[in-house]
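Working notes, beginning with the structure itself.
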Amino acid sequence: MINFADLYCVLTAVVPLYVTMFLAYASVKCNIFTPQQCGGINRFVAIFAVPLLSFEFISRIDPYKMNLKFIAADGVSKVLTLIVLFLWTNLSKKGNLDWAITMFSLSTLPNTLVMGIPLLKSMYGDDKETIMVQAVVLQCIIWYTLLLFLFEYREAKNLLLVSYEKDSNDCNLDNSSMEVQERVERSCNDDDIVNVILSTPSNPHMLQSLNRVAPAIASAVEDNVRELHLFIWRCRCCTSPGVCEQSVEICSRENEKAESVEESNTNQSMGSPEMLKKILTMVCFKLVKNPNTYASILGLSWALVSCRWGIKKPQILENSVTILSNAGLGMAMFSLGLFMASQPKLIACGNRLAAYGMVARFVAGPAVMAVASIAVGLRGTILQVSIVQASLPQGIVPFVFAREYNLHPDVLSTAVIFGMIISLPITMLYYILLGL
C-alpha cells in the first residue's frame, strides 16, 4: 500500500516538471522569448535532447532478460489500436489519417518514465521497476519510431498531393490557353473547330485567351461560376482576325459532376502503387536523416554488446551523453510551457476535444491493454502492473513530435498538462479496483 513517503517520492519526480513548465510560461508572457526562439527550443528538444535521452535508457537495459509476456501484451495492445484506427480511417466518412495519428498517441503512449517508474515502484515493489524500464525502452525503440514513420508518411502524402494537384491545374491551364491561341492564329482556309474546357473561367489567363477568341461573350464568362465547354470554329467567311460572335457556342456543366470526377482521378492516382512507392521512399529517406532512428539503433546495439561481453561505455562518452540526456525531460516540459503561453486560452484545444483526449488516455488505453494482457496470458501482479501503467498520463515526447510536425499540438499539450494533474487519483483508483 502507498504511504506518505511513497507519495512524496512521486511528487519529487512530478513537481519539478511543473516548475519548469511554469517558468517557460512566464518567460513568454514577459516577452523574454520570441515565437522564433520558441520554435528553435522545440527543435533542439526534438533533434538533440529526446534522441540522447532515448539512447541513454536503451543502452542501459539487459535485452536478454526481458519479460516476453509483458512485451507481447504491450505490442498486441498497440497493434489492436492501430487496426481499429486504420479501419476507422478507411471505412468511416469522418475518419482521417491526422486524427488517427493523434488518437494513437493519446491512447497508447503514457508517461512511463516520469510518473510510471516512481509510482508503480511504490505500489508493487522494487522488482517491478524493471518492467517500467522495459516499457520505456519499447516506446523508444519501436513505438516512437513508428510514430515518426506515421508523421513522415502524412507529410510526404500531403506534399505529393499538393504537388499533383498543382501540376494538374497548371497542365490544364497551359494546354487550354495554347490550344485556343493555336487555333485562332491559323489561316482561314479551312474550317477549324476547338473544344476548350475552362475549369476556372475567372482565371485571367483564360479570360485573355477568350477575349482574343470572342470578346463579345468574355464579360458573360466572367460571371459564370460553372465549368465551361467552348466549341469554337472558324469558317471561311471570316476574313478579319479573331472569330465572329456566331462562331462560339458555350455549353455548361454543373460543378458537382466535374469536382467528383476530378476527386476520383486524384484519389486513384494517390492510391496507385507507383505513388505509394514514392511516398514510402520519401518517408524512409526522412527517417534515415532523423536522429531518433540512430539513437534507437545505436542504443539497442550497445545494450546487446555490453550485456553479452560485459563491455562498459568509456567515461568520456558516458558524460557526453548524460550532460544532454539529463536535460531532455526538463527541456521537453519547457517547450510545453512555451507552447501553452502562445495559445489564446489555457485549454488550447477546447473543452470537447480535451474531454475526448482524457477518455482516450484514461479509459480506452487501459481497456485495450487489459484485453491484450489477458489474451497473452498475463495474470496476477504483472497483469495489474500492465493495466496501471496504461492509465498513466500522456507522454511528453509525443507532444514534442506533434509540435515539430504541427499536428494537433494543442490536443497533446492539454492531455499532458491536465493528465498529469488528474492522473494520480485515477491511477490510485485503478490500483484499488484491481487489488480487490
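Pairs, please: C-beta under 9 Å, at least 6 apart or cross-chain, first residue under 10 Å from residue 157 (Cα atoms) and at pLDDT 50 or above and in the stretch 257-286, second of a type outside the set (A, V, I, L, M) and open to solvent by less than 30 Å² (accessible area, probe 1.4 Å)?
Note: pairs meeting the criteria are 282/152; 283/152.
Test residue 61 against the stated conditions and say whether it is of a type in the set (Val, Ile, Thr) and under 29 Å from residue 305 (Cβ atoms).
When the stated conditions are applied, residue 61 passes them.
Yes or no: residue 54 surrounded by 18 or more Cβ atoms within 10 Å (Cβ to Cβ), in contact (Cβ under 8 Å) with a residue 24 or more places away in the chain and over 25 Å from residue 420 (Cβ atoms)? Let's see the steps before the verdict.
Working: surrounded by 18 or more Cβ atoms within 10 Å (Cβ to Cβ): yes; in contact (Cβ under 8 Å) with a residue 24 or more places away in the chain: yes; over 25 Å from residue 420 (Cβ atoms): no.
Here the answer is no, as residue 54 does not meet what is asked.
Would you mind stating whether residue 101 is at pLDDT 85 or above, in a helix (DSSP H, G or I) and touching a Lys or Arg at 6+ places or on another chain (Cβ under 7 Å)?
So residue 101 fits the description; yes.
Residues checked against (1) more than 28 Å from the chain's Cα centre (by Cα); (2) surrounded by fewer than 16 Cβ atoms within 10 Å (Cβ to Cβ); (3) in a helix (DSSP H, G or I); (4) at pLDDT below 85:
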position: 12; (1), (2), (3), (4): yes, yes, yes, yes
position: 24; (1), (2), (3), (4): no, no, yes, no
position: 37; (1), (2), (3), (4): no, yes, yes, no
position: 73; (1), (2), (3), (4): no, no, yes, no
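Give the residue, chosen from 102, 112, that is β-branched (Val, Ile, Thr), in contact with a His (Cβ under 9 Å, 6 or more places away or on another chain) and either open to solvent by less than 50 Å² (accessible area, probe 1.4 Å) or under 25 Å from residue 399 (Cβ atoms) (or both).
Answer to the check: 102.
Do you know which residues across the stretch 392-418 are β-branched (Val, Ile, Thr) and open to solvent by less than 10 Å² (accessible area, probe 1.4 Å)?
Answer for the stretch 392-418, where residues must be β-branched (Val, Ile, Thr) and open to solvent by less than 10 Å² (accessible area, probe 1.4 Å): 396, 400, 411, 414, 416.
Return yes or no: is residue 322 touching a residue at least 24 places away in the same chain (Cβ under 8 Å) and surrounded by fewer than 16 Cβ atoms within 10 Å (Cβ to Cβ)?
Judged against the criteria, residue 322 is a match.
Hey, residue 93 hits all of (1) over 21 Å from the mean Cα position of the chain (by Cα); (2) part of a loop (DSSP other than H, G, I, E, B); (3) over 30 Å from residue 302 (Cβ atoms) but one; which does it fall short on?
Status for residue 93: all satisfied but (1).
Can you tell which of 372, 367, 355 is assigned to a helix (DSSP H, G or I), more than 30 Å from residue 19 (Cβ to Cβ), open to solvent by 40 Å² or more (accessible area, probe 1.4 Å) and of a type in the set (A, V, I, L, M)?
367
Surrounded by fewer than 21 Cβ atoms within 10 Å (Cβ to Cβ), assigned to a helix (DSSP H, G or I) and free of Cβ contacts under 8 Å to residues at least 40 places away in the same chain: does that describe residue 127? Show your work before the answer.
On the way: surrounded by fewer than 21 Cβ atoms within 10 Å (Cβ to Cβ): yes; assigned to a helix (DSSP H, G or I): yes; free of Cβ contacts under 8 Å to residues at least 40 places away in the same chain: yes.
Yes; evaluated as a whole, the condition is true for this residue.
Let me confirm something: among 301, 325, 296, which residue is closer than 15 Å to residue 53 by Cβ, modelled with pLDDT of 85 or more and within 30 Å of the chain's Cα centre (by Cα)?
On the way: 301 fails: closer than 15 Å to residue 53 by Cβ; 325 fails: modelled with pLDDT of 85 or more.
On inspection, the qualifying residue turns out to be 296.
Kindly check whether there is at least one residue in the stretch 83-90 that is without any contact (Cβ under 8 Å) to a residue 60 or more places away in the chain, part of a helix (DSSP H, G or I) and open to solvent by less than 50 Å² (accessible area, probe 1.4 Å).
yes
Scan (1) open to solvent by 60 Å² or more (accessible area, probe 1.4 Å); (2) farther than 30 Å from residue 409 by Cβ; (3) in a helix (DSSP H, G or I); (4) not aromatic (Phe, Trp, Tyr) for the single condition residue 312 breaks and write down its number.
The failed condition is (3).
The values are calculated or read from the model by the stated rules, or taken from the named source; none is laboratory data. The shown structure was predicted, so the numbers you read here are calculated from the model rather than taken from an experiment. Methodologically, a virtual Cβ is constructed for each residue, glycine included, from the backbone with ideal geometry; neighbour enumeration extends over all protein chains shown. Note: areas computed on protein heavy atoms with side chains; ligands, DNA, RNA excluded. Shrake-Rupley method; radii C 1.70, N 1.55, O 1.52, S 1.80 Å.
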